[in-house]
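Structure, as C-alpha cells:
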Amino acid sequence: MRPATCNLRPVLLALILGLIAALATVTAAAARPSPQLTITGVEPRTMLSTTGGTLSIYGSGFTTATVARLVGYGLLDTAFVNENALRAVVPPGVPAGVYALEVSEPGYSATLPAALTIVAPTAAPAPTSPPPPPPPGRPILTIRNFSVQPARVFAGTEFVVTVEIYNNGSRGAENTLVTFPGGTFVPVGQAGHLVGFMHINATVVVTQTMRAPANLASGTYNLQVNLSANDFEGNHYEYPQTLSVEVVGGGAGRPQLVVESAWTEPPVLGPGDRFTLTLQIVNRGERTATRVVVGPASAELVVPAEGSNLAAVDRVAPGRAVTVTLPLVLGTVKQGGRIGLELALSYGDAGGGTYSDRQSVGLEVSSSLADRPQLLVAAVHTDPPVVAPGDFFTLTLEVQNVGGGDAHRLLLTLGGEGGKELGPFVPRETGNVLFVPRVPAGEQVRVTVPLVVDGSADAKAYGIPALLSYEDARGTARSDVQRISLVVQRRPIFRIDFYRPVEGAMVGMPFPLPVEVINLGKATVNVTIMEVTGEGLEIQNGSLYVGPLDGGTSASLEATAVAQQAGTVEVVVNVHYLDDFNRPQTVSQTLTVEVAGSPEPVPQESAPSPEGGSFWEKILRFLRGLLGLGS
C-alpha cells in the first residue's frame, strides 16, 4: 500500500496551480488601467415579452470577455462586435417590466438604468372606418400650375388647358397617367396622357384641348383632371384635381359687358389731380345690352370733376364696343404705384332682364413731391434760450417747404386743434394760430409767437404739437401734425456775500474770506462745490462740498487768503450745482476786498531796564542769589 501522502500530491498540485491562476487573474486585473466599461445607449428600448429580440449595446471598453445581464432576470447570450458595441439576445418569456442593463467582465462592470422596457402584448384594435393611412413613402402628384388659353373662354369655342404636374412625394411615380374625363367641358382628341416615370420633385407639362358647350351661361366652371400613378411596390394611387375656368356665354341669351381696356389722361396721376378716365366696353354676350350705366363703385378714391360720376349708354349690340369718358378728380392717396379703381356696371336686355357687375381698372399714381408742397418744422428757437417758470419768452419756428410746389395759405396752430396741448405755455399778445400767405418751394419762413411759462410749471421737456394746414397750387387742402420740444428748468436764486466784513487785509499777511451762499428760492438745489478764487491771491481751504441746499438755508466757507499787492482785490465765488436735468451748472459772484500795503519798519533802540537791567538780567541775578553766587 502506498503512503497517504502520495495520494495527496495530485490534489495539492491542483490547488497550487489554481492559486497561481487566480493570482495571475488578479494581477492582470490590477495591471489593467482604471475602469473603462461604459454604456451609452441600447437599441431598441422596448420589446415584447412574447417575442424577445436582439439588443444592440453601445459604449466603450468592451472585450470578448464582456457579458450582458438584465438586472432582475439574468445573463443574456452576448456576442462581441467591437470595443464599442455588443449584441445580446433577449429570449421570449421575459416578464414585462423595466430592466436595468449591466455589462461586466472580471473586475469591471457598468450599468445603464431603465435601459429596456419589456411589455406584454395587447389585443389588436378592431379595424375601423376609414382604413388606416397608407404606409410611409409614396408618390404624391399635384397640379402646381395651370393656364387656360384664351384666359376667358367663350361658350361654343375650343380652348387649351396646360397643367404642370409635380411629384411632391417621397417615392418616384411609375406609370403616371393624366386624364381629362370631361363633364361640363368636352375633351377634343385624346383625353389621356401617359407620362411614365416621374422622379421625386420632378415636373411635367401636359396640354389638352377642350370645348365649352354653346349653351353655357357666363360664369366660372370646374374642369376635372385625374392623376394616377404606381410606386415601385405596385401600389396604385389616384389624385383627382379640379381647375377653374371662366366662361363668357349666354345660355339664356343674356348680354355680358366687359371692360376690355381703360386709360387716363394724363397717364400718371397725383393726389388732387383732375383727369379723364376712358373706358372701352365690349358686349361679349348673345343679346343686346340696354340702359347701360357705368361709374366708380365708391367715392373714396375719386370724385366727379363736373356733373355726375356716371356715364350712360343706350344700347350695346353683341360683339360691339362703346367708349365712355368720365371726368374725375383723384383723392388723397398715401402710396403711389398701380392702384385699382372698382367700377359698377348695370344694364338690361330686351326681355326685361336686369344685370349688375363689378369690375376693376388700374390707375397709375405717383406720390412724388416733384410738383407738390411738403412743409416741415426745420428748427425751433427760444429767446432766452433757457426758460423757467414765470418767464416771458419768444418762440421762433423755422418752417421749410421741402416739396416741389408752393404752399398757400399756411395756418400754423400751436398746441393742436384749439390749443388743447399747449401745456404750461400761454400765448401773450396774440393767439395760438399764425397765418403765412405763401411758402415757396425750397424756401423757409420764420414764424414767431410770444409766450409765457406758467409759474407752477414743472421742470421737464414738453412735447407741443404744431398743426400745419395749407393748400397746394390746385387748391387741394393738406395738413400735417409735427411735434416740437420746449424745455422748462428752474433757475436757482442765490445770495452770495461775506457773512462778516473783511477788515485789516494787508499785503503779505493772511486774512480770512468768510463767504456765505443763501438759497433764496423755494426748491432744493443740489450744490456740488462752492469755491473761492481770486487773481493775485493765494487762497487756502478755498473749496467746500455742500450737497442739497434747501430753500431758505445757507452754506458758508471761510477761506484764508494772502494778497500779493495792495488795492481793491476781486474775489470770485463759484457755486457749482446740478440742474433739473442732472447737468452741471455754475453761478458766479464777484466780491471785492480792500488790501492795505505793508507798514514801514520802525527801528527799535534798546533802553536800559529800570531797576538796574533788563528782565533777563534780573532773572540771572535772582538765580545767582539762590545759588549763593551773588545778589
* **Length-normalised contact order of region 280-439 in % [C-alpha pairs under 8 Å, at least 6 apart]** => 17 percent
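In percent, how large is the relative contact order of region 257-365, given Cα pairs closer than 8 Å and 6 or more residues apart?
32 percent
Report the charge-dipole magnitude of region 425-522 in Debye, nearest 20, computed about the Cα centre from +1 at each Lys and Arg Cβ and -1 at each Asp and Glu Cβ.
140 debye
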* Asked: Which order do Met47, Met506 fall in if you start with the one that has the fewest other Cβ atoms within 10 Å?
  -> Met506, Met47
* Structure fact -> At the level of C-alpha centres, the distance separating region 411-432 and region 187-254, in angstrom, is 71 Å
* To do: Report the full-extension gain for the segment Val119 to Ala151: residue separation times 0.36 nm, less the Cα-Cα distance, to one decimal in nm.
  => 5.2 nm
* **Considering only region 144-295, percent of DSSP beta bridges that pair antiparallel, nearest 5** => 95 percent
* **Loop-resident sites, region 233-312, for GluC sites (Glu not before Pro), counting at most 15 other Cβ within 10 Å (DSSP)** => Glu233, Glu300, Glu306
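Please identify every one of the chymotrypsin sites (Phe, Trp or Tyr not before Pro) in region 128-217 that sits in a loop by DSSP and has no more than 10 other beta carbons within 10 Å of its own beta carbon. Don't skip to the answer; put the middle values down first.
On the way: sites: Phe146, Phe154, Phe159, Tyr166, Phe185, Phe197; in loops: Phe185.
Passing sites in region 128-217 do not exist.
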* Asked: Thr590 versus Asn168, label points 7 Å from Cα toward the beta carbon: distance in nm?
  -> 8.8 nm
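For each of Leu76, Leu112, count neighbouring Cβ atoms within 10 Å of the residue's Cβ, then give the residues from fewest to most. Write out the running numbers ahead of the final one.
On the way: Leu76 23, Leu112 20.
Final ranking by Cβ density, sparse to dense: Leu112, Leu76.
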* Using 1/(1 + (r/R0)^6) with R0 = 60 angstrom and r between the beta carbons of Phe80 and Thr142, what's the FRET efficiency to the nearest 0.05? -> 0.70
* Structure fact -> The rounded separation in angstrom of the Cα centers of region 102-122 and region 522-553 is 83 Å
* **Length-normalised contact order for region 164-306 - Cα pairs under 8 Å, 6+ apart - percent** => 19 percent
* **Residue among Thr78, Gly53, Ala68 farthest towards the positive dipole end of region 38-119, charges placed on Cβ** => Gly53
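Which loop-located GluC sites (Glu not before Pro) does region 474-562 contain, where loop means any DSSP state but H, G, I, E or B and the Cβ has at most 12 other Cβ atoms within 10 Å?
Glu503, Glu535
No lab work stands behind these numbers, since they all come straight from the coordinates. Keep in mind the model is a prediction, meaning the values are calculated, not measured. Here the Cβ is made from the backbone with ideal geometry for all residues, glycine too, and neighbour counts use every protein chain on show.
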